[in-house]
Amino acid sequence: TKRWQRTTKINEQYHVIEEAAALLKDQQVVAFPTETVYGLGADATSEAAVQRIFEAKGRPSDNPLIVHVGDRSQVEQLVTHIPEIADKLMDQFWPGPLTLVLPSNHKAARNVTAGLDTVAIRMPSDPIALALLKETGLPLAAPSANRSGRPSPTDAAHVQQDLDGRIAGIVDGGPTGVGVESTVLDCTTEVPIILRPGGVTKEDLESFIPNVVIDPALADQAEDQPKSPGMKYTHYAPEAPLWLVEGDDEFFQHQLESMKAEGQRVAVIASRELVGQLNHEYVTPCGSRQQLTEVAGELYRALRYYKKADVDVILCESFPEHGVGAAIMNRLHKAATQKITQY
Ligand code: TXA
Ligand code: MG
């Protein structure tokens, strides 16, 4: 896997884009930064190229991919029509972390949409992603550039950890900004439905769709207490089991102390407000609970930080569910093997 180093020199940047684009046009897969997480890109019109994404990630083939576009005319080439609300949302939120599920005209490769009659499309705002889209002139299918089941990569080094030797290249654009994936919004229904909370918040969408709905399946997932650890199909999983603590700061401290007393090696992922109250060595502060965008930016790095050999369990704070907190908690519920709730 070729890793192009980060550079600030304009002419070197151009060279990187040209080389990476050439690989993509040659049906290879290349990881690149977006404003949310790193994506693993391939020509969305080529079934063979897209197949390489599924193989590199070990991703189940029934899970469809997001198509990235560099301009609006590429959307028109992939859909039967653009619903009026989708048009408005593109004006407002593109380029940016909002993915729109639209009626497919089946011009995208079959394996991109996993055989569905809809296609998920977004225009990323990261300049490297946009430059690659422009240079290739192709719509690029790109899921997050992690091995299936692992936390999404927010840094080129994370991509390398997961996919080195399995993909043609990695364009290093430094750490990504948003830190959680795009919001996926189904625009094929009468009232659009949020299928995945993400960088564009429900509150942001409500100014355009006052009655926007969250997929009821999401709420079920959050409540779904796994019967036994390991039975649940995990996503975003750290190496050590993650226990999500739902309660006040005192409850968290009490949990930590009693587990330490049992001789467990416990690591902590928490806001700096909570970390400041703990007397514990293995802590990864991930921003302020007053600034959830900071927490989103740090979350996946924190989930990747601890190695299996070093800790028995990771205790993680629960965050407020407003704004980008909805995306944070959605990912933590999926990453957790257990929840410890204060009653
Ligand atoms: O921020 C992001 O969206 C990142 C960056 C790289 O752009 N990409 C990303 O892709 O997160 P991925 O493949 O990891 O997640 C795609 C999500 C999945 O939840 C998938 O089920 C959903 O989008 N999806 C894709 N096509 C769909 C469709 N036609 N209908 C419903 N959901 C769809
Ligand atoms: Mg993913």
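Worth a mention:
- Helix 10-25 axis, angle to the chain major axis (alpha carbon atoms, nearest 10°): 80 degrees
- What you get for the chain, charging only the Cβ of Lys and Arg (+1) and of Asp and Glu (-1), is a dipole of about 1020 debye around the Cα centre.
- Summing charges over all other residues whose Cβ lies under 11 Å from the Cβ of VAL112, with Lys and Arg as +1 and Asp and Glu as -1, gives 0.
- Simple rule: put +1 on each Lys or Arg Cβ and -1 on each Asp or Glu Cβ in the range 175-327, find the dipole, and look at LEU315, HIS254, CYS187; the Cα lying farthest toward the positive end is LEU315.
- Ordering of 87-94, 322-329, 29-36 by packing is 29-36, 322-329, 87-94, highest average first (other Cβ atoms within 10 Å, averaged per residue).
- Length added when fully stretched, ASP62-GLU18, from 0.36 nm per residue minus Cα-Cα: 12.6 nm
- Extension reserve of the ARG147-GLU190 stretch, reckoned as 0.36 nm per residue once the Cα distance is removed: 12.0 nm
- Taking only the C-alpha atoms of the chain, the Rg (one decimal) and the largest Cα-Cα distance, Dmax (whole number), read 20.2, 61 Å.
- Given charges at beta-carbon only (K, R positive; D, E negative), |dipole| of the range 62-104 in Debye: 60 debye
- Rg and Dmax [Cα atoms of the range 113-169; Å; Rg one decimal, Dmax integer]: 13.2, 36
- Within the range 240-258, backbone nitrogen closer than 11 Å to the virtual label 7 Å beyond the Cα of GLN277 toward Cβ: 247-254
- Model label points for GLU55 and THR118, set 7 angstrom from Cα along the Cα-to-Cβ axis, are 3.0 nm apart.
- Local net charge near HIS68, Cβ-Cβ under 14 Å (Lys/Arg +1, Asp/Glu -1): -3
- Summed over qualifying helices (DSSP H, 4 residues or more, each -39500 (n - 2.57)) and divided by its residue number, the chain shows a 222 nm mean residue ellipticity of -10000 deg cm²/dmol.
- Rounded tilt (10° steps) of 127-136 against the dominant C-alpha axis of the chain: 30 degrees
- Take the Cα of GLU76, step 7 Å toward its Cβ, do the same at HIS106, and the gap between the two points is 2.3 nm.
- Inter-label distance, ASP249 to ARG265: 2.9 nm, where each label sits 7 Å from its Cα along the C-beta direction.
- Mean Cα-pair separation over length for the chain, i.e. relative contact order, pairs under 8 Å, 6 or more apart, %: 19 percent
- What separates the Cα centres of the range 110-130 and the range 288-321 is a distance of 28 Å.
- Nearest 10 degrees, 0 to 90: helix 47-57 Cα axis against the chain principal axis: 20 degrees
Computed from the coordinates by the stated procedures, all read-outs in this text should not be read as laboratory data. All figures in this text were calculated on a predicted structure; none of them were measured in a lab. Because the Cβ atoms are built from the backbone with ideal geometry, glycine has one as well, and the counts that use them run over all protein chains shown.
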